[in-house]
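Enquirer: Have a look at this one.
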Amino acid sequence: MVLRVFDPTHEMKMAGTQPAPRLSTLRGKTVGFISNGKEGTKRYFTELERILRDDIGVADVVWRTKSNYSAPADAHIVDEARQWHAAVTGVGD
Amino acid sequence: MDAATRSTLNSKFYDVDDFAAAQEFYHSNGWTDGLPIVPPTDKAVEACLEWALMPPDQLIGIEPVRAQPITAEKLAINAVMAGCLPMHFPIVATAWQAMMREEFLLHGVTSSTGGCAVLVIINGPIRLEIGANATFNALGNSDRATSVIGRAIRLALINLMDVRPGGIDRTTLGHPGKFSYCLAEDEEDMDWQPLSTMRGIPEGLSAVTVMAALAPRQIMNEWTRDPKEILETFAAEMRANQRHYSIYGGNYAIVIPKQLRDIIQAAGWTKRDIAEFIHERARVRRGEWADVGKGAIVRDRPDKIHTALDSPDHLLVIAAGGPAGGFGAVIPPWMGSKTKAVTAAIGACVDCEPPKG
């Protein structure tokens with residue numbers, strides 16, 4: 001007996017989001033860190049900043065911390081990020 | 001379906017050979033919680049929509065962070081999969097409306113490593129209509145209605161918000177409430193006001209409250225008839241949560257079954273009295289963290305007092321559970337006050353605002 005059953009998911013994905021063009025180099029660029037404020041981010045970002053500055057030669061590293069670790073970045077951080085060449089953000093504790 | 005609600009379903013459909021084939025099809029697509037599902041046929045889905053008087057494309061709400069629209073049709077498909085009958089669907093839809101309120105922080109609570117589930121508490125006449133059992137096994141498999149309603153919540157999260165383990169859902173541990181976490185309040189056997197009324201819904205209306213919740217922590221105190229001593233045990237469990245898990249204040253729920261409830265009620269205590277007592281007693285000194293291996297984060301504020309509740313209003317007191325046993329339950333929040341419990345009337349708009357965004 002054939003059953004006709006329906007899709008429980010969103011079939012249409014959101015349009016309009018494309019990855020930013022990839023940088024050919026990080027040398028001389030400004031990189032922003034968007035931290036969720038958790039304890040584990042400090043050592044990680046400290047070491048990452050050292051690598052970026054000493055080994056790769058970025059122009060600047062900007063640290064910003066979200067006001068709520070489980071909500072998207074605050075609007076002012078998103079606005080500021082437009083001035084960066086690259087951003088590091090993600091999930092972690 | 002009458003003319004006012006007649007509409008064809010808009011979702012993509014698939015033809016599968018039989019019930020068993022439907023299982024493998026849905027499992028292989030990642031559309032289940034690991035348990036068998038009820039195949040969502042058009043007849044079953046349309047029956048839910050007809051019962052709720054909703055056209056398929058009715059917008060239940062928009063999840064604010066990802067701007068994800070949730071339609072009645074998609075919610076009904078997931079509700080059918082969970083095993084919901086049409087009479088269960090209005091509760092599922094209302095729970096989702098409440099979950100999409102900005103203060104609930106739906107994206108945050110469902111993606112977090114903290115691993116909470118959505119606790120759903122049902123009040124009002126609808127409990128009796130659907131056969132929800134607020135007594136034995138209130139926090140377990142008490143009845144068909146609460147089991148499938150809770151499950152529908154989770155399936156819709158999986159399928160409509162991609163809340164899958166390792167995907168959007170970064171939960172480290174989680175708890176069994178992520179299968180289903182729904183109970184009804186035992187309004188017929190209490191002197192108190194229903195939870196929904198305490199939270200602003202006019203008495204007599206059916207309502208649902210949603211809370212981002214950790215697993216229940218069972219307490220026991222059957223050796224006293226003093227309400228303060230009984231409630232001190234609840235408060236002690238809340239203090240333990242503050243020490244062992246999160247010190248920050250938020251919505252806590254406490255479930256008081258009949259044996260303890262009768263003692264507290266006989267002494268004339270109202271839910272407000274309970275909340276005020278718990279608010280005073282459920283608090284810890286930050287320095288206590290050092291006793292449980294967390295000395296590193298006490299820092300220079302060992303004497304700072306942290307309350308489990310920012311105010312007595314943040315305690316959800318729920319009358320439920322079987323008739324015997326000096327047990328109770330404390331249900332902690334996901335994480336402090338970053339999320340707030342939301343209560344919504346079913347089938348009535350008590351405080352309507354246009355959808356945001």
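Enquirer: Please work out which residue is nearest to residue B:208 (Cα to Cα), limiting yourself to the stretch B:155-196 and to residues that are of a type in the set (A, V, I, L, M, F, W, C) and in contact with a Gly (Cβ under 6 Å, 6 or more places away or on another chain).
Expert: Restricting to residues being of a type in the set (A, V, I, L, M, F, W, C) and in contact with a Gly (Cβ under 6 Å, 6 or more places away or on another chain), the top hit is B:182.
Enquirer: Among the residues of the stretch A:67-87, write down those that are more than 24 Å from residue A:26 (Cβ to Cβ) and either surrounded by 13 or more Cβ atoms within 10 Å (Cβ to Cβ) or aromatic (Phe, Trp, Tyr) (or both).
Expert: Residues satisfying the conditions are A:68, A:69, A:70, A:71, A:72, A:74.
Enquirer: If you don't mind, there's one more thing I want to ask. Could you list all residues from the stretch B:199-218 that are surrounded by fewer than 22 Cβ atoms within 10 Å (Cβ to Cβ) and either farther than 22 Å from residue B:310 by Cα or of a type in the set (A, V, I, L, M, F, W, C) (or both)?
Expert: B:202, B:203, B:204, B:205, B:215, B:218
Enquirer: Same structure again: Only residues that are within 17 Å of residue A:66 (Cα to Cα) and outside any loop (DSSP other than H, G, I, E, B): list them for the stretch B:107-123, please.
Expert: Scanning the stretch B:107-123 gives B:107, B:108, B:109, B:111.
Enquirer: Take the stretch A:34-59 and flag every residue that is among the aliphatic types (A, V, I, L, M) and not in a loop (DSSP other than H, G, I, E, B).
Expert: A:34, A:48, A:51, A:52, A:56
Enquirer: For the stretch B:158-176, name all the residues that are more than 17 Å from the chain's Cα centre (by Cα) and closer than 15 Å to residue B:213 by Cβ.
Expert: B:171, B:173
Enquirer: Now for a separate question. Conditions: (1) touching a residue at least 12 places away in the same chain (Cβ under 8 Å); (2) in a helix (DSSP H, G or I). Residue B:25 meets all but one. Number of the miss?
Expert: (1)
Enquirer: Quick one: is residue A:36 within 14 Å of another protein chain (Cβ to nearest Cβ), out of contact with any helix residue (DSSP H, G or I) (no Cβ under 8 Å at 6 or more places or on another chain) and of a type in the set (S, T, N, Q)?
Expert: Judged against the criteria, residue A:36 is a match.
Enquirer: Within the stretch B:208-265, track down each residue that is in a helix (DSSP H, G or I) and either aliphatic (A, V, I, L, M) or modelled with pLDDT under 95 (or both).
Expert: Passing the criteria: B:230, B:231, B:235, B:236, B:238, B:240, B:260, B:263, B:264.
Enquirer: Can you tell me how many residues within the stretch B:52-68 are facing chain A (nearest Cβ under 8 Å) and either crowded, with 23+ Cβ neighbours inside 10 Å or not in a loop (DSSP other than H, G, I, E, B) (or both)?
Expert: 1
Enquirer: It is to be established whether one or more residues within the stretch A:60-82 are in a loop (DSSP other than H, G, I, E, B), away from chain B (no Cβ under 14 Å), within 16 Å of the chain's Cα centre (by Cα) and of a type outside the set (Ser, Thr, Tyr).
Expert: For the stretch A:60-82, residues in a loop (DSSP other than H, G, I, E, B), away from chain B (no Cβ under 14 Å), within 16 Å of the chain's Cα centre (by Cα) and of a type outside the set (Ser, Thr, Tyr): present.
Enquirer: Do you know which residues across the stretch B:63-79 are in contact (Cβ under 8 Å) with a residue 12 or more places away in the chain and under 23 Å from residue A:71 (Cα atoms)?
Expert: B:63, B:64, B:65, B:66, B:67, B:68, B:70
Enquirer: Which residues, taken from the stretch B:32-51, are at the interface with chain A (Cβ under 10 Å from one of its Cβ atoms) and either surrounded by fewer than 13 Cβ atoms within 10 Å (Cβ to Cβ) or over 21 Å from residue B:86 (Cα atoms) (or both)?
Expert: Correct list: B:43 only.
Here is a yes/no grid of residues against (1) hydrophobic (A, V, I, L, M, F, W, C); (2) away from chain A (no Cβ under 14 Å); (3) over 18 Å from residue B:84 (Cβ atoms); (4) out of contact with any Pro (no Cβ under 9 Å at 6 or more places or on another chain):
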position	(1), (2), (3), (4)
B:110	no, no, yes, yes
B:118	yes, yes, no, yes
B:131	no, yes, no, yes
B:134	yes, yes, yes, yes
B:142	no, yes, no, yes
B:150	no, yes, no, yes
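Enquirer: Now for a separate question. Among the residues of the stretch B:22-29, is there at least one that is more than 10 Å from every other protein chain (Cβ to nearest Cβ), modelled with pLDDT of 95 or more and surrounded by 16 or more Cβ atoms within 10 Å (Cβ to Cβ)?
Expert: Checking the stretch B:22-29: at least one residue is more than 10 Å from every other protein chain (Cβ to nearest Cβ), modelled with pLDDT of 95 or more and surrounded by 16 or more Cβ atoms within 10 Å (Cβ to Cβ).
Enquirer: Restricting to the stretch A:6-33, name every residue that is at pLDDT 95 or above and within 14 Å of another protein chain (Cβ to nearest Cβ).
Expert: Passing the criteria: A:6, A:7, A:8, A:9.
Enquirer: If you don't mind, there's one more thing I want to ask. Between B:283, B:272, which is closer than 21 Å to residue B:216 by Cα and surrounded by fewer than 19 Cβ atoms within 10 Å (Cβ to Cβ)?
Expert: Just one listed residue meets the conditions, B:283.
Enquirer: How do the pairs read when you match residues in the stretch B:171-193 that are assigned to a strand (DSSP E or B) with residues anywhere that are not β-branched (Val, Ile, Thr), using Cβ under 6 Å and keeping only pairs 6 or more apart or on different chains?
Expert: Qualifying pairs under 6 Å: B:182/B:150; B:183/B:138; B:183/B:320; B:184/B:127; B:184/B:132; B:184/B:134.
The values are calculated or read from the model by the stated rules, or taken from the named source; none is laboratory data. Not measured: the values here are computed from a predicted model. Neighbour counts run over all protein chains shown; Cβ positions are idealised from the backbone, glycine included.
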